[in-house]
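J.: Got a structure for you, questions after.
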Amino acid sequence: MAEKKRELVSGSRLVDENSLKERLIVIFTKWEVILAVLIVFEFILFSNLSPYFLDYFNLMNSTFTFMEKAIMALPMIFIIMSGDIDISIASIIALCSFSMGFASSHEIGAAGIVIIGLLAGLSAGMVNGFLVTSFKMPAIAVTLATQSIFRGISQAILEDQAYTKYPEKFAYFGQGYLGETLIPFELVLFLVLAAIMGFVLHKTQYGRKLYAIGNSKEAARFSGVKVDRARFINFTLMGLFCGISAVLLTSRIGSTRPNIALGWDMEVITLVVLGGVSITGGKGNLFGVLMAIFLLGYLKFGMGLINLSAKVMIITTGLLLIIAVLLPGFLDTVKARRKLRRQQKESGMVEV
Amino acid sequence: MKKLLSIIMVMAIAASFIYAGGAQEVAPADEDMKLVLLVKSLGNGFFEAVADGGQEAAGELGNVESIYQGPSSSTAEGQIEIIETLIAQKVDGIAISANDRDALIPVAKKAMKAGIKVISFDSGIASGGRIVDLAPSDEELIGRQQIELIAELCDYKGQVAVVSATSQATNQNAWIEWMKEEIKEPAYKDMELVEVVYGDDASDKSYREAVGLMEKYPELAGIISPTTIGILASAKAIEDEGKKGQVQLTGLGLPSEMKQYIENGTCQQMALWNPVDLGYTSTYILYALATGAVEGNPGDVIDCGRMGDVVIGEDGISIMGTPFVFTAENIAKYAEIF
């Protein structure tokens, strides 16, 4: 503890000494800042390549295509932060959408459909949470199993059929705009949810507990954190947010088929990892994920505008991911080396 | 530090807006008409051939840019994302082979509201989500053509039989009904359709049924198998029974699977819709709609270049024509495609 304090003191003095240059280096080696710079670069690039990119309506409207995944990324930060993973989320969407379609086919109104969708998500999340915490099974094994089960239910009942009748009012959630503006309802909802989740993660005791759990479950447990309760809450939240996403997606495409949202689990995890949340837990923040969401969303949109093939998109995402995983470690070594050199220099000066 | 960070960001974003704002004004107006072929997924030979057809049509029409697009995996969500970007770049027309006939309706409606002409081909969008749905062929054309093909192979005489899919298969049953109609024509007075057997679209059962036919009718002159699995199994059965040259074979088959049998003469000709023609015809239809030459109402006639006229039918459903015939001359080229 005492050592850490000394390090901090010497660190701040060094920043003072090297002032602006040092401070810029610190800022621009932060992953979320690198992402922000990439977004700026992306905007400059695409607005030069296509006259349709920097258009208020288009920039707003294109968020429709990635807001549902963005909403799912929020609780996924909590899960990955505490060292878990959930790969059943796309199947939870299928289960929720199926429940809503079933409700709708039984003449239940828009409000009822939404409630049923949210409840389906909540319960699926609780099942995941229960299995993970009660049977001490790794989250990846549990959610791999529930991935098949949740989607399997809708596949077994729907087969190659689809629910296509939804009430007209229901279309608002995924297709509507805020009042008379051109701002999609989905975008507003996401920003509100992001603010709430950001507050919980960074300003509450619960958030701090998640970081502790991610760094070491054992250590957290010994220092009195109710680890399993927090993990259960995480998975339940994940389910609920999948429910919200399912409402938006089902409303946007106006139909339910068993293969709905197929492959979204990996896309959502991609957003979180690209956002700088360590896949082993304990590191990262919501701001970085926010940046990753808009970076990837607009990257896809921009590439679509200049009619680049989807293959290029996949490769680009893959490269970014590799950088996202490798760079923090690389930067840490660089920083550590700089510090070491500086300390050597300093101590050398003291000796002289 | 956070303050500094946010200031830099805001400045950078503002700069990019100003920079881009200037760029936008000098962007040249695109004169070419942009017609898009949006397929189920990329990396599929069938759809690459559709794209070739689009290019061919664009070349003939002149002021058309044919754009080929598709998601990396066959999902409706992926197609919707692409349609959103197509709306944003204000293309003139989109022809879609849909991954989901219902899920694409809302976004397709949005595109049509933005003035973009939307049609579907190969795999249709439900009514309300497109102006025209281009079907590769129809029951009557397919059924009648099958009889013509087998008649040419066995000189308009002898017994023929059918190896179908399942006995409940809607498509095959409808085609077989038209085969029975066609064979009543005077040209086929020396021919007889003796039996329809069902291989259930399983290789082994189709094979056994074909062998059974040859044993039951020693004078059998030809087999028609209007299903890709059945025709492949029948070809093998004919060779194994040593009836090559004696029992002729035709049907609907995949060029890649049937290449060896077409080249060695077991099955001298067969039919199937051709993806190149689908892309070609779709592009012609989009062009006619986007130029305002036709509204897309039932009864409208569209000139589709080498494919002839296509008539828009009830509910926008249009028929491209009789299936394409594959022979030893052209099979190698198409076998590489699908």
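J.: Count, for each residue of A:44-55, the Cβ atoms from other chains sitting within 10 Å of its Cβ, then give me the mean as a whole number.
T.: Average per residue, whole number: 6.
J.: With springs connecting C-alpha atoms under 10 Å apart, model chain B as a Gaussian network and identify which of B:K205, B:K113, B:K243 has the largest mean-square fluctuation.
T.: B:K113
J.: OK, next. What ranking, highest mean first, results for peptides A:34-41, B:86-93 when packing means the other Cβ atoms within 10 Å averaged over each residue?
T.: Those peptides, ordered most packed to least, come out B:86-93, A:34-41.
J.: I'd like the Karplus ³J(HN,Hα) series for segment A:215-228: coefficients 6.51, -1.76, 1.60, θ = phi - 60°, whole numbers in Hz, and an x wherever there's a Gly or Pro.
T.: 6, 6, 4, 4, 4, 5, 5, 5, 8, x, 7, 7, 4, 5
J.: Moving on. Residues with amide H under 5 Å of B:D133's amide H, sequence separation 5 or more or different chain, H placed in the peptide plane at 1.01 Å from N; which?
T.: Counting only residues 5 or more places away or on other chains, the set is B:S120, B:I317, B:S318.
J.: A further question follows. What order do you get for A:R231, B:R306, B:R144, B:R130 when you list them from fewest to most C-beta neighbours inside 10 Å?
T.: B:R306, B:R144, A:R231, B:R130
J.: Rg (Å, one decimal) plus Dmax (Å, integer) for the alpha carbons of chain A?
T.: Just the Cα atoms of chain A yield Rg and Dmax of 22.7, 86 Å.
J.: In degrees between 0 and 90, to the nearest 10, how far off the longest principal axis of chain B does helix B:2-26 point, with axes built from Cα atoms?
T.: That works out to roughly 70 degrees.
J.: Over chain B, what relative contact order in percent results from Cα pairs under 8 Å that are six or more residues apart?
T.: Reported as a whole number, the value is 18 percent.
J.: In the structure displayed, which of A:K226/A:K339; A:K300/A:K335; A:K217/A:K311; B:K157/B:K259; A:K165/B:K205 lie more than 30 Å apart, Cα to Cα?
T.: A:K226/A:K339; A:K300/A:K335; A:K217/A:K311; A:K165/B:K205
J.: For a quick check: sort A:K136, A:K300 by the number of other beta carbons within 10 angstrom, fewest at the front.
T.: Ascending number of Cβ neighbours within 10 Å: A:K136, A:K300.
J.: Give me the Debye-computed log₁₀ of I(q)/I(0) at q = 0.05 Å⁻¹ for the protein assembly as shown, equal point scatterers on Cα only, no solvent, two decimals.
T.: -0.33
J.: Per the Kirkwood definition applied to all pairs of different Cα atoms, how many angstroms is the hydrodynamic radius of segment A:274-321?
T.: Final number for the Kirkwood radius of segment A:274-321 is 11.6 Å.
J.: Please find, in a Gaussian network model of chain A (springs between Cα atoms separated by less than 10 Å), the residue of A:L158, A:L210, A:L271 whose mean-square fluctuation is greatest.
T.: Looking only at A:L158, A:L210, A:L271, the biggest GNM fluctuation is shown by A:L158.
J.: Starting from the Kirkwood radius over alpha-carbon pairs of segment B:121-248, derive D by Stokes-Einstein at 37 °C in a medium of 0.692 mPa s and give it in µm² s⁻¹.
T.: 215 µm²/s
J.: Tell me, how many Å apart are the Cα centres for segment B:125-165 and for segment A:48-92?
T.: 46 Å
J.: Considering every pair of different Cα atoms, what Kirkwood radius, in Å, is found for segment A:84-152?
T.: Radius from the Kirkwood sum: 12.4 Å.
J.: Convert 25 °C to kelvin, take the viscosity as 0.890 mPa s, use the Kirkwood radius over C-alpha pairs of segment B:111-191 as Rh, and evaluate the Stokes-Einstein diffusion coefficient in µm²/s, rounded to a whole number.
T.: 162 µm²/s
J.: Go through segment A:82-94 residue by residue and turn each phi into a ³J(HN,Hα) via Karplus (6.51, -1.76, 1.60, θ = phi - 60°); whole Hz please, and just put x for glycine and proline.
T.: Each residue's phi maps through the Karplus curve to give 8, x, 9, 8, 9, 9, 9, 5, 5, 6, 4, 4, 4 Hz.
J.: Taking Cα centroids, how far is segment B:211-257 from segment A:179-236 in Å?
T.: Segment B:211-257 and segment A:179-236 have Cα centres separated by 65 Å.
J.: Please quote Rg/Rh for segment A:50-176 to two decimal places, taking the Kirkwood radius as Rh and restricting both calculations to Cα atoms.
T.: Value, to two decimals: 1.04.
J.: Which net charge results for the neighbourhood of B:V196, defined as the other residues with beta-carbon distances under 12 angstrom from its beta-carbon, given Lys and Arg at +1 and Asp and Glu at -1?
T.: Around B:V196, the charge tally is -2.
J.: State to the nearest 20 debye the size of the charge dipole of the protein assembly as shown about its Cα centre, where the only charges are +1 on K and R beta carbons and -1 on D and E beta carbons.
T.: Approximately 5420 debye in magnitude.
J.: In what sequence do A:V334, B:V294, B:V50, B:V310 fall when counting other Cβ within 10 Å, fewest first?
T.: A:V334, B:V294, B:V310, B:V50
J.: For Cα pairs less than 8 Å apart in space and 6+ apart in sequence, what is the mean separation divided by the residue count of segment A:63-307, i.e. the relative contact order in percent?
T.: The normalised contact order for segment A:63-307 reaches 39 percent.
J.: Peptide A:260-269: average number of partner chain Cβ atoms within 10 Å per residue?
T.: Partner Cβ neighbours, averaged per residue: 2.
J.: Count, for each residue of B:107-120, the Cβ atoms from other chains sitting within 10 Å of its Cβ, then give me the mean as a whole number.
T.: Partner Cβ neighbours, averaged per residue: 1.
J.: To continue, here is another question. Could you quote the convex hull projected area for segment A:141-281, Cα atoms only and averaged over all directions, in nm²?
T.: With every direction weighted equally, the projected area is 10.7 nm².
J.: From the backbone phi of segment B:42-59, what are the Karplus-calculated ³J(HN,Hα) couplings (6.51 cos²θ - 1.76 cosθ + 1.60, θ = phi - 60°) in whole Hz, Gly and Pro given as x?
T.: Those phi angles translate into 7, x, 10, x, 4, 6, 4, 5, 4, 4, 4, x, x, 5, 4, 5, 4, x Hz.
J.: What share of Cα pairs, in percent, lie more than 24 angstrom apart in chain B?
T.: Pairs farther apart than 24 Å: 61 percent.
J.: Of the residues B:S120, B:S72, B:S318, which exhibits the maximal mean-square fluctuation in a Gaussian network model of chain B defined by a 10 Å Cα contact cut-off?
T.: Fluctuation is largest for B:S72.
Readers should treat all values here as calculations from the given coordinates under stated rules, not as data from a laboratory. Model, not experiment: these values are computed from the prediction. Counting neighbours? That spans all protein chains shown, and the Cβs are built from the backbone with ideal geometry, glycine included.
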